[in-house]
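What follows is one structure encoded as structure tokens, with my remarks underneath.
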Amino acid sequence: MENKKGINCINIAYVFKTSIGSINGSWTEGNVSTVKKITLPDGTLLPYVSGQSLKYQIKKGWKEAGLGNKLSEVVTTDNKKGVDFTEGNPAKFIDDDLFGYMIASKSENRRRTAAIRVSPAIGLFPYKGDRDLGTKSKEQTGGDMSAGGNIFETEMYYNYFRTNFLIEYDRIGVFQNFELEKELKVKTKNLESKEKKERIEYFLKALANVWGGGKQSRFLTDMAPKFLVITFQTTKNPIFLEGLVVNEKEELDTKTIKQILDDNNSIISKQIIGVRSGIFANEVDKKIENVLSIQSAFDEAIKYINEKI
């Protein structure tokens, strides 16, 4: 399945599961902490995790892996109507390169569009109205114990989520003058292939172990892939964006996955599939050929990047 046309993107789609979670909060309604939701045409509410939240968890993973010196610091804007921003040096900082930035201040206006595009993680099942009840006890503060503590509620769910990352391989480590500070425009060179591949490896390793979101002290949540498909493509197209489905029996729809791979065979140079056993009700590895474990799939992807691209 090797194509003559060069690979210009890496598409990563996966499903993760939350047994009990409240990953990405929305507005608080009274004493209720709500989760982000999207409304379908029939009125059904699906929970989702924003792309911003997903990128934040990746950055947190980089810090935990000791890569803090490779991350851009947040700068306070001097524009009252503006927002804080990073340093905007993609040659030096991995997050500025991969996730982009927008700088709007009195002295400069410039931006870099993310080289890694990310979709929100969409819940595959409707939000059912489940809530966790908590109290803020007065036992240790000398309050009236007989009156009870302050009651609060948190929306939560049991769900499967799907998400998609599209890595524009041909844009990583490649910089345009309008993205850079004036003094860096003539000094900054595009990254060498080795450093470019290293940055993608950092991203894949963080994604393999991503966890986090809101309410982690009460709802420790694993957001790492439980089903994973990585395709190296010659055309930029998030082919699995709507294609990962789990039914109410908690079976992964392998028929659609195989159909998507077959339909896009002409633009796929390499495909790697991984699954975590014991998650889905059906045996995915018996429905799809050459399925690896999740970690083996990430390892195979990193090996392919270093040896073949």
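Numbers for the structure displayed
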item: Unmet requirement for LYS55, which otherwise passes all of (1) in contact with a helix residue (DSSP H, G or I) (Cβ under 8 Å, 6 or more places away or on another chain); (2) farther than 30 Å from LYS182 by Cα; result: (2)
item: Evaluation of LYS63 against (1) in contact (Cβ under 8 Å) with a residue 60 or more places away in the chain; (2) surrounded by fewer than 18 Cβ atoms within 10 Å (Cβ to Cβ) (one fails), failing number; result: (1)
item: Residues that are surrounded by fewer than 17 Cβ atoms within 10 Å (Cβ to Cβ) and farther than 19 Å from ILE200 by Cβ, drawn from the range 81-116; result: LYS81, GLY82, VAL83, ASP84, MET102, ALA104, SER105, LYS106, SER107, GLU108, ASN109, ARG111
item: Checklist (1) out of contact with any helix residue (DSSP H, G or I) (no Cβ under 8 Å at 6 or more places or on another chain); (2) surrounded by 16 or more Cβ atoms within 10 Å (Cβ to Cβ); (3) within 28 Å of GLU87 (Cβ to Cβ) applied to PHE152, failing item; result: (3)
item: The range 274-309, residues that are among the polar types (S, T, N, Q) and within 19 Å of VAL245 (Cβ to Cβ); result: ASN282
item: Matching residues, the range 1-22, being of a type in the set (Lys, Arg) and either buried (at least 16 other Cβ atoms within 10 Å of the Cβ) or free of Cβ contacts under 8 Å to residues at least 40 places away in the same chain (or both); result: LYS4, LYS17
item: Answer from LYS197, LYS215 - the residue that is modelled with pLDDT under 95 and either closer than 30 Å to ILE23 by Cα or basic (Lys, Arg) (or both); result: LYS215
item: Breaking point among (1) at pLDDT 95 or above; (2) over 20 Å from GLY243 (Cα atoms), for LEU40; result: (2)
item: Enumeration of residues in the range 180-198 that are closer than 30 Å to ALA208 by Cα, part of a helix (DSSP H, G or I) and out of contact with any helix residue (DSSP H, G or I) (no Cβ under 8 Å at 6 or more places or on another chain); result: SER193, LYS194, GLU195, LYS196, GLU198
item: Top-ranked residue of the range 203-238 - restricted to ones that are outside any loop (DSSP other than H, G, I, E, B) and of a type in the set (S, T, N, Q), ranked as farthest from the chain's Cα centre (by Cα); result: GLN233
item: Residues of the range 147-199 satisfying the condition of being of a type in the set (Lys, Arg) and within 21 Å of THR234 (Cα to Cα); result: ARG171, LYS194, LYS196, LYS197, ARG199
item: Candidate set from the range 242-282 (those that are outside any helix (DSSP H, G or I) and among the acidic types (Asp, Glu)); member that is farthest from the chain's Cα centre (by Cα); result: GLU248
item: Selection from the range 252-304 of residues that are among the hydroxyl-bearing types (Ser, Thr, Tyr) and farther than 23 Å from LEU204 by Cα; result: THR254, THR256, SER266
item: Count of the range 23-35 residues which are touching a residue at least 24 places away in the same chain (Cβ under 8 Å) and within 17 Å of PHE219 (Cβ to Cβ); result: 7
item: LYS128 being modelled with pLDDT of 95 or more, in a helix (DSSP H, G or I) and not hydrophobic (A, V, I, L, M, F, W, C); result: no
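Yes or no, residue by residue, for (1) closer than 22 Å to GLY123 by Cα; (2) out of contact with any helix residue (DSSP H, G or I) (no Cβ under 9 Å at 6 or more places or on another chain); (3) surrounded by 16 or more Cβ atoms within 10 Å (Cβ to Cβ); (4) of a type in the set (Asp, Glu):
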site: VAL229; (1), (2), (3), (4): yes, no, yes, no
site: PHE232; (1), (2), (3), (4): no, no, yes, no
site: PRO238; (1), (2), (3), (4): yes, yes, yes, no
site: THR256; (1), (2), (3), (4): yes, yes, no, no
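The values are calculated or read from the model by the stated rules, or taken from the named source; none is laboratory data. These numbers were taken from a predicted model, which means no experiment stands behind them. Quick reminder, even Gly has a Cβ in these numbers, built from the backbone with ideal geometry, and neighbours come from all protein chains shown.
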